[in-house]
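One structure below.
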Amino acid sequence: MTELKHSAQTLLKELDGFRVEIDPSRERADIILKRGPFNIISMAQRDQLRLVFESLDENDAVRVIVLRAEGEHFSSGGDIKGFLEASPEHVSKLAWNIAAPARCSKPVIAANRGFCFGVGFEISLACDFRIATDTTFYALPEQKLGQIPGSGGSARLQKMVGITRTKDIVMRSRRIPGKQAYEWGVATECVPDAELEAATDRLVDELRAFSPLAQRTAKKLLNDTEDSPLAIAIELEGHCYSRLRSSNDFREGVEAFHGKRTPKFNGT
């Protein structure tokens, strides 16, 4: 019988510019950018990051995924030379790869310090939570290269902060400090730089305490209804609520509430 092969088997043999750590005891996976000092994200790395998110999504030992980086900077952006070398077909798939955290059914946290520019900002925007620090600067500087953001950055940002602020960031290549990003609703939290790891740990443990089924449902519902009219969003919310009504996790949650104990969810 001919062995079936997938390009991912070759692509993931040696990770380019990042590593993955899985801690089953904490039901946590960390994707760690490690191409110092600025953690530039290569073209091949974008493909690999997508595949890794897809793999972790299927891993039952993982409840929460953290995207973080070694060193002072999360990422100063992509490999600029790589854009000229890549084929138009490859470039057209950039946004699909970088949207992998949003498609992942599990909660994804981006821990951002230092520079978070270009694709570094775009992949963070595709995550569910962004923790910034007092050293963080977010930017989409593509105008300086005669380009525009190509991996969903301007589109996602506009949904979060509106067209006026997005034009200010994109068309002027402005750098937005972490505190301002928090005030604008881009960052979930802004903490002193020395507290980034502790803040990330706290959020991981908080998310792990909830029903994984309810978490997956909430994420998908919110993503799917972002552009929906209010009436349709409410209708879909009702259908999701109805399905969860018959889940074991909901029954456990209700019984734990009345029994004044901590619920033990199993994701069914």
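Please treat every number below as a calculation from the coordinates, not as lab data. Everything numeric here is computed off the predicted structure, so don't read it as measured data. Backbone-built Cβ (ideal geometry, glycine too); neighbour counts: all protein chains shown.
Mean separation of Cα pairs under 8 Å and 6 or more residues apart, divided by the residue count, gives the stretch 149-228 a relative contact order of 17 percent.
Local charge sum around residue 21 (other residues, Cβ-Cβ under 12 Å, Lys/Arg +1, Asp/Glu -1)? Present the calculation step by step, with values, prior to reporting the outcome.
Numbers: positive: 19, 26, 28, 34, 68; negative: 23, 30, 70.
Combined, the nearby Lys, Arg, Asp and Glu give +2.
Relative contact order, whole percent, for the stretch 14-99 stands at 35, derived from Cα pairs under 8 Å and 6 or more residues apart. Take every pair of alpha-carbon atoms less than 8 Å apart whose residues are at least six positions apart; their mean separation over the length of the stretch 7-208 yields a relative contact order of 18 percent. Spacing of the modelled spin labels on residue 179 and residue 244, each 7 Å from Cα toward Cβ, amounts to 3.6 nm. Scaled to the globular estimate 2.2 N^0.38 Å, the Cα spread of the stretch 87-210, given as radius of gyration, is 1.06. Spin-label model, residue 220/residue 70: points 7 Å from Cα along the beta carbon direction are separated by 3.7 nm.
Can you give the net charge of the other residues whose Cβ lies under 12 Å from the Cβ of residue 40, counting K and R as +1 and D and E as -1?
Details: positive: 34, 35, 46, 81; negative: 16, 79.
Net of charged neighbours comes to +2.
Start at zero, step by 5 Å, and the Cα-Cα distances of the stretch 1-110 spread as 2, 11, 20, 23, 21, 13, 6, 3, 1, 0, 0 percent across the bins. For the Cα atoms of the chain, what angle does the longest principal axis make with the long axis of helix 43-57, in degrees from 0 to 90, nearest 10? In the chain, helix 43-57 runs at an angle near 0 degrees to the longest axis. Each Lys and Arg Cβ is given +1 and each Asp and Glu Cβ -1; about its Cα centre, the chain then shows a dipole of about 360 debye. Both numbers refer to the Cα atoms of the stretch 152-268; Rg and Dmax are 18.7, 56 Å.
DSSP beta bridges confined to the chain are antiparallel in about 30 percent of cases.
Ranked for footprinting exposure by Cβ neighbours inside 10 Å, fewest first, 96, 184 give 96, 184.
Geometric descriptor of the stretch 212-258, per residue, is 70 Å³ (volume of the convex hull of the Cα atoms).
With r as the distance between the Cβ atoms of residue 160 and residue 25 and R0 = 25 Å, compute the FRET efficiency 1/(1 + (r/R0)^6) and round to 0.05. Efficiency at R0 = 25 Å is approximately 0.15.
Summed over qualifying helices (DSSP H, 4 residues or more, each -39500 (n - 2.57)) and divided by its residue number, the chain shows a 222 nm mean residue ellipticity of -13500 deg cm²/dmol.
Cross-link reach is defined here as a Cα-Cα straight distance under 13 Å, omitting same-chain residues fewer than 8 places apart; for residue 167 the aspartates and glutamates meeting it are 142. Whose amide H sits under 5 Å from the amide H of residue 69, counting only residues 5 or more places off or on another chain, with H placed in the peptide plane? Those lying under 5 Å, H to H, from residue 69 are 33.
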